[in-house]
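First the structure, in the form of structure tokens, and then the observations on it.
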Amino acid sequence: MQFAPLHTWLPAKNEPLVISGPCGAESLEQLLATAKGLNDLNKISLFRAGVWKPRTRPNAFEGRGEDALKWLAEVKKEFGFKITVEVANAQHTELALRYGIDVLWIGARTTVNPFSVQEIADVLKGVDIPVMIKNPIHADLQLWIGAIERIYNSGITKIAAIHRGFHYYGKTKYRNKPMWQIPIELRTQFPDLPIICDPSHISGKRELIPFIAQKALDLGMNGLMIESHYDPSIALSDAEQQLTPQQLNELISKLIIRKPDTGDANVLDHLHQLRNMIDEIDDELINVLKKRAQVIEQIGVYKREHNITIFQLERWQEILRTRAQWAEKLGLSRLHVERLCQLLHDESIKIQNDIMNK
Ligand code: PEP
Ligand code: MN
């Protein structure tokens, strides 16, 4: 897949690029008041609003549907904002196109369903409209990629992924756990696919939004989608995670922008030296791993000769415990070293297995 660069379809008004607007379009007044606040900032590149809201339980606010599309056309006329809405099926998509919506997005609850994504893709065949695809609710990178492929296969290259975190059945301070390794893996597989982070839906509460937004920028994400409302306390959905335009302005102004590269020769030179050190350390590390593998082989041969089982629970427990203690003494993360031990142990079992089966 080859994606159109983000700036060709969504020029940034500000660094970082920010998409904002309410969780849901509730009334013309709410949209106009919020859009006015955002327009005054002159930092928002795309105005968002949910027109059909996928709610966990029935009888919650499910969006104003077609009426809201008419209101959004007014927002566009009044302030010149480009508009994006969520579409979850073919009918939504047809309506959004009819009302001149500029960018579509597919929500987390839709990305999980290949039938829904395909019916949206079918409507979009031959249509030139950008589509942003949120990650599926659960941590399944393949499903996210699959949805991107379905839209791409309908002829659309103006695509961005939106990272909004993943459902986690356990204790977490986030509404949706960020699991940063997943968008990083997506970036690794598709380096030219723009990724926008949605700190509102990751955080679930406004206090956490700045931290997530900064982290997204530090990881090289291409923009932020943050929900805003002229008065979040009366929002009909996601009230806890929306900011007033003024709060959004403060947040944006505090963000530190980092570049993937710098033109400063001194900075590059120093970075180069540090990277050389890492190269040397990794070289040493690999040599140590080789030495370790050789001793493991000797152990394997010895166990075979003496008919001893490969896996020794007590020895393994001792390894985990002692290494974690050693790590802690040096100020290293216990978890990190435990994970490393697990990898080493898996490899050690494999080497010894090969020897037993020789
Ligand atoms: C939204 O953006 O308001 C929304 C419903 O998000 P998500 O699909 O990420 O839950
Ligand atoms: Mn929302």
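For the range 22-37, taking the residues that are within 16 Å of ligand 1 (Cβ to nearest atom) and of a type in the set (A, V, I, L, M), the one that is nearest to Gly65 (Cα to Cα) is identified as Ala25.
Being under 13 Å from Ala235 (Cα atoms) and either part of a strand (DSSP E or B) or not small (Gly, Ala, Ser) (or both) is true for just one of Leu31, Leu38. Which residue is that?
Leu31
Based on what the data block shows, is Ser20 of a type in the set (Ser, Thr, Tyr) and within 16 Å of ligand 2 (Cβ to nearest atom)? Yes; evaluated as a whole, the condition is true for this residue.
For the range 159-207, a residue qualifies if it is more than 19 Å from Ile133 (Cβ to Cβ) and of a type in the set (Phe, Trp, Tyr), and the qualifying residues are Tyr168, Tyr169, Tyr174. Listed by position, the strands (runs of 3 or more DSSP E) inside the range 81-192 whose residues that are under 15 Å from the mean Cα position of the chain (by Cα) number at least 1 are 103-106, 131-134, 159-163.
Each residue in the range 218-229 was checked for being away from ligand 2 (no atom under 16 Å from the Cβ) and either surrounded by fewer than 19 Cβ atoms within 10 Å (Cβ to Cβ) or over 19 Å from the mean Cα position of the chain (by Cα) (or both), and 3 pass. Residues of the range 193-215 that are in a loop (DSSP other than H, G, I, E, B) and loosely packed, with under 15 Cβ neighbours inside 10 Å: Lys205 alone.
For the range 124-136, the set of residues classified as surrounded by 19 or more Cβ atoms within 10 Å (Cβ to Cβ) and not polar (S, T, N, Q) consists of Leu124, Pro130, Val131, Met132, Ile133, Lys134, Pro136, listed by residue number. Here Met1 fulfils each of the conditions (1) within 16 Å of ligand 1 (Cβ to nearest atom); (2) not assigned by TED's automatic domain parsing to the domain that holds Phe79 apart from (1).
Residues checked against (1) assigned by TED's automatic domain parsing to the domain that holds Leu32; (2) within 16 Å of ligand 1 (Cβ to nearest atom); (3) touching a Gly at 6+ places or on another chain (Cβ under 9 Å):
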| position | (1), (2), (3) |
| --- | --- |
| Gly220 | yes, no, no |
| Leu236 | yes, yes, yes |
| Ile281 | no, no, no |
| Leu285 | no, no, no |
| Val288 | no, no, no |
| Lys291 | no, no, no |
| Val295 | no, no, no |
| Gln312 | no, no, no |
| Arg321 | no, no, no |
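The values are calculated or read from the model by the stated rules, or taken from the named source; none is laboratory data. Fair warning: this is a prediction, and the values are worked out from it, not measured in the lab. For neighbour counting, all protein chains shown are included, and Cβ atoms are generated from backbone atoms with ideal geometry for every residue, glycine included.
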